[in-house]
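Student: Attaching a single structure in structure tokens format; questions to follow.
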Amino acid sequence: MANIKDIARLAGVSVTTVSRVINGHPYVRDDKKAAVLRAMEETNYERNINAVHLIKGKTNLIGVMVPSIKRPYFGLVVEGIAEEALKGNYKLVLIQTNYEEQREQEALMMLKLKQIDALIICSKISDWDIVEEYAAYGPIIAFEDARGRNVSSIFIDHYKGFMEALAYLNGKGHRKVGYCLARKSGTSSKQREAAYRDFLKSSGEPFDPDCAFYDAIHFEDGEWIVQRLMTMQDPPTALLVTSDQVAAGILACCNERELDVPSKLAIVSFDNQPIARTLNITTFEIPLTEIGRDLFRKVMTKEFFQQEIPVRLIERLTV
């Protein structure tokens with residue numbers, strides 16, 4: 001494979017002139033430029049894009065760390081990131097981690113090795129201390145609460161959002177409320193569970209572990225949740241669900257079993273995805289696509305930035 005020195009020799013010009021032609025620099029005589037292009041064509045020369053990136057200090061590639069693209073929650077965030085990246089002529093490097101620390105480490109190493117210009121973390125399991133170490137190598141922004149950390153972030157206060165949802169259901173007369181979470185060990189799940197326990201304590205209600213439903217992630221999970229509800233002697237009168245997809249699955253199963261919503265079971269979810277609008281599910285809106293756009297815009301400024309995004313109640317027919 002021909003290299004830049006071969007091109008220079010064949011064209012009868014200097015290596016510097018060849019470099020200028022390859023990188024589109026002005027002030028190269030037309031005859032020399034033509035000779036270089038002719039030599040490149042004869043040798044089927046392809047420039048080493050990694051070398052070009054090293055010289056320019058820029059790849060036009062943005063890393064996006066995401067646990068899974070199967071979950072619409074993250075899909076909507078990535079959609080917003082992709083829309084903004086396209087406007088700026090950037091390409092995305094999607095790194096699916098499945099919440100595995102080694103894969104997250106690989107994404108951070110890509111930033112350190114200058115294989116990407118910046119890294120957007122949609123969700124993670126690694127400690128903040130590890131993420132902060134890599135912030136020295138390039139811009140990082142996370143869609144997680146990074147207050148008190150030297151990492152930019154756009155985040156939802158899940159404790160506050162859960163408290164607001166519980167107060168709403170309590171105001172509607174529901175004293176026994178169940179909740180459905182995704183990963184039990186996740187940071188957002190811990191915040192929500194803390195809010196749930198604190199709300200019960202403040203209202204003098206006892207904690208019933210049977211009202212907690214974990215690993216509720218997909219539409220299909222609605223089936224086992226409803227089955228479990230129907231075996232309970234004293235089931236909750238309302239469910240607080242952290243995903244519109246799961247809430248939709250619960251609603252579908254309730255309809256199949258003629259369990260009336262909301263008179264027998266009220267349902268409140270989060271996100272306001274299209275499925276919640278279609279099925280008239282009461283939900284707290286999290287503008288995921290717009291958050292994705294903001295994540296991209298902010299990480300490109302390379303400035304330290306932290307912003308809380310408030311949730312907004314949208315009342316429909318499930319309460």
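The values are calculated or read from the model by the stated rules, or taken from the named source; none is laboratory data. What you see is a predicted model, and the numbers here were worked out from it, not measured in a lab. When we count neighbours, we look across all protein chains shown, and the Cβ atoms used for this are built from the backbone with ideal geometry, even at glycine.
Student: Which members of segment 222-250 meet the condition of being touching an Asp or Glu at 6+ places or on another chain (Cβ under 7 Å) and surrounded by fewer than 23 Cβ atoms within 10 Å (Cβ to Cβ)?
Tutor: Across segment 222-250, the qualifying residue is only M232.
Student: Of (1) touching a helix residue (DSSP H, G or I) at 6+ places or on another chain (Cβ under 9 Å); (2) in a loop (DSSP other than H, G, I, E, B); (3) surrounded by fewer than 16 Cβ atoms within 10 Å (Cβ to Cβ), L259 satisfies all except one. Which?
Tutor: Every condition holds for L259 apart from (3).
Student: Then there's this: When segment 213-238 is examined, which residues are found to be over 20 Å from D271 (Cα atoms) and among the aliphatic types (A, V, I, L, M)?
Tutor: Passing the criteria: V226, L229, M230, M232.
Student: Would you check if F219 is closer than 17 Å to L181 by Cα, part of a loop (DSSP other than H, G, I, E, B), modelled with pLDDT under 95 and not small (G, A, S)?
Tutor: Criteria not met by F219.
Student: If we scan segment 66-81, do we find a residue that is modelled with pLDDT of 95 or more and loosely packed, with under 15 Cβ neighbours inside 10 Å?
Tutor: Looking through segment 66-81, at least one residue is modelled with pLDDT of 95 or more and loosely packed, with under 15 Cβ neighbours inside 10 Å.
Student: Take the conditions touching a strand residue (DSSP E or B) at 6+ places or on another chain (Cβ under 6 Å) and either at pLDDT 90 or above or on the phi > 0 side of the Ramachandran plot (or both) and apply them to Y99. Does it pass?
Tutor: no
Student: Restricting to segment 222-250, give me the number of residues that are under 24 Å from the mean Cα position of the chain (by Cα), closer than 24 Å to L200 by Cβ and not in a loop (DSSP other than H, G, I, E, B).
Tutor: The number of residues fulfilling the criteria is 4.
Rundown of residues vs (1) at pLDDT 95 or above; (2) crowded, with 22+ Cβ neighbours inside 10 Å, yes/no style:
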| residue | (1), (2) |
| --- | --- |
| Y134 | yes, no |
| Y137 | no, no |
| I141 | yes, yes |
| A146 | yes, no |
| D157 | yes, no |
| M163 | yes, no |
| G178 | yes, yes |
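Student: Among the numbered criteria (1) surrounded by 20 or more Cβ atoms within 10 Å (Cβ to Cβ); (2) without any contact (Cβ under 8 Å) to a residue 12 or more places away in the chain, which one does I121 miss?
Tutor: All conditions are met except number (2).
Student: With the structure loaded, tell me whether A276 is in contact with a Phe, Trp or Tyr (Cβ under 8 Å, 6 or more places away or on another chain), outside any strand (DSSP E or B) and small (G, A, S) or whether it fails that test.
Tutor: Considered against the rule, which asks whether it is in contact with a Phe, Trp or Tyr (Cβ under 8 Å, 6 or more places away or on another chain), outside any strand (DSSP E or B) and small (G, A, S), A276 comes out as no.
Student: Condition test on K201, is it exposed (fewer than 15 other Cβ atoms within 10 Å of the Cβ) and under 23 Å from the mean Cα position of the chain (by Cα)?
Tutor: no
Student: Considering every residue within segment 107-115, establish whether at least one is part of a strand (DSSP E or B) and either surrounded by fewer than 20 Cβ atoms within 10 Å (Cβ to Cβ) or on the phi > 0 side of the Ramachandran plot (or both).
Tutor: no
Student: Now a separate question. Which pairs turn up if I take residues in segment 4-30 that are of a type in the set (G, A, S) and look for partners that are outside any helix (DSSP H, G or I) with beta carbon separation below 7 Å, at least 6 apart in sequence or on another chain?
Tutor: Once the first residue is of a type in the set (G, A, S) and sits in segment 4-30, its partners that are outside any helix (DSSP H, G or I) give A8/S14.
Student: Let me ask another. With the structure loaded, tell me whether I314 is touching a residue at least 12 places away in the same chain (Cβ under 8 Å), closer than 17 Å to L169 by Cα and surrounded by 21 or more Cβ atoms within 10 Å (Cβ to Cβ) or whether it fails that test.
Tutor: no
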